[in-house]
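**Student:** One structure, pasted below without further comment.
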Amino acid sequence: MNLPDRAGASRLPTAVIAEDEPLLAEELADHLAALWPALQIVARAGDGVAALHAVEAHVPDIAFLDIQMPRLTGLDVARQIAGRCHVAFITAFDQHALGAFEAGAIDYVMKPLVLARLVTTVQRLKARVSQPPVDLSQLPGLTDARPKAAASFLQWIRVSRGSSVRLLTVEEICYFKADAKYTLVVTADSESLIKKTIKELIADLDPNMFWQIHRSVIVNVRAIDSVMRAGNGELAVRLKQRSETLAVSEHHHHLFRQM
């Protein structure tokens with residue numbers, strides 16, 4: 001799709017990527033090049049202030065904004081560029097993305113990148129990029145996409161032990177693992193089952209403490225001893241207080257690329 005410029009001639013659509021994880025930004029750019037060859041990535045930024053400068057300098061049609069960036073968040077940037085370009089947020093958290101989407105953003109890109117989901121994002125962007133951008137600063141609900149306050153994250157887990165109930169603080173937990181209809185809660189010296197799903201847990205846990213490393217596993221970062229790389233490139237996590245290792249799916253390798 002070519003867009004008209006101010007003189008009436010056609011031009012290719014342009015975009016800025018603002019993401020503080022360089023490898024993820026590179027991966028997103030590569031996928032966009034394959035899915036939408038006409039889209040030109042005119043700039044990349046690693047923090048919110050650089051993102052503002054990039055939008056000012058290049059006047060892109062689309063800004064891909066990481067919600068949690070240094071200096072200024074993606075939400076702060078979206079407010080300041082309101083109405084000047086279309087916005088697609090980049091986020092690791094469903095509740096952030098949904099709040100941003102309801103506030104008028106075209107779409108959102110989830111971390112880690114899932115190609116099928118990105119195809120949907122590109123289709124929506126193509127359909128709306130020739131239309132005037134939504135003024136996000138004037139719409140309600142954008143604040144719903146802000147990260148949770150630390151106190152609102154899950155602090156403890158209730159588990160059953162025979163006829164008794166035990167309360168585990170999240171600091172005690174080494175990892176969670178999906179087990180059929182239940183989730184296994186693993187500490188240094190115990191294993192228990194709860195009915196809360198992995199998807200529900202990742203939405204309620206502090207992302208600075210707990211990382212989802214596989215669609216069925218969430219690990220406490222403080223419980224990690226080391227990360228092992230096999231000859232075929234696969235990663236696995238070794239724990240400090242447990243003998244088993246935990247596989248890291250390819251979609252989550254980016255979490256450990258700078259370790």
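All of the numbers you see were taken from the coordinates with simple rules; none came from a lab. What you see is a predicted model; the values in this text were computed from it and never measured. When we count neighbours, we look across all protein chains shown, and the Cβ atoms used for this are built from the backbone with ideal geometry, even at glycine.
**Student:** Tell me, R128, R215 in order of fewest to most beta-carbon neighbours within 10 Å? Intermediate values should be presented prior to the final figure.
**Tutor:** Numbers: R128 16, R215 11.
Going from sparsest to densest Cβ surroundings: R215, R128.
**Student:** What number comes out for the charge environment of V186, summing +1 per Lys or Arg and -1 per Asp or Glu over other residues with Cβ under 12 Å away?
**Tutor:** Taking every other residue near V186 into account, the sum is -3.
**Student:** For S130 paired with A188, estimate the spin-label separation in nm (one decimal), with each label point 7 Å from Cα along the Cα-to-Cβ line.
**Tutor:** For S130 paired with A188, the spin-label model returns 6.3 nm.
**Student:** Grab the beta carbon distance between K199 and S160, set R0 = 22 Å, and tell me the FRET efficiency rounded to 0.05. Mind dumping the intermediate values first?
**Tutor:** Numbers: r = 21 Å, r/R0 = 0.97.
So, using R0 = 22 Å, E works out to roughly 0.55.
**Student:** Expressed as a rounded percentage, what relative contact order does the stretch 151-256 have, with Cα pairs under 8 Å and six or more residues apart?
**Tutor:** So the answer I get is 18 percent.
**Student:** Return the distance in nm (one decimal) between the two label points of a simple spin-label model at E26 and R222, each offset 7 Å from Cα along Cα→Cβ.
**Tutor:** 3.3 nm
**Student:** Let me ask something additional. Figure the gain on full extension for V49 and F256 (residue separation times 0.36 nm, minus the Cα-Cα span) and round it to one decimal in nm. Don't skip to the end; give the middle numbers.
**Tutor:** On the way: separation 207, 0.36 × 207 = 74.52 nm, distance 2.56 nm.
Contour length minus Cα-Cα distance gives 72.0 nm.
**Student:** Sticking with this one: What is the gain in length, in nm to one decimal, between L115 and L12 on full extension, counting 0.36 nm per residue of separation less the C-alpha to C-alpha distance?
**Tutor:** 34.8 nm
**Student:** Order by neighbour count: V119, V129, V49, fewest other Cβ atoms within 10 Å first, most last.
**Tutor:** V119, V49, V129
**Student:** Just to be sure I understand the model, the point goes 7 Å from the Cα along the line to the Cβ. What's the resulting D179 to L3 distance in nm?
**Tutor:** Label-label distance for D179 and L3, simple model: 5.2 nm.
**Student:** Just tell me which lysines come within less than 23 Å, Cα to Cα, of K199; anything on the same chain fewer than 8 places away is out.
**Tutor:** Leaving aside lysines fewer than 8 places away in the same chain, those within reach of K199 are K111, K148, K177, K181.
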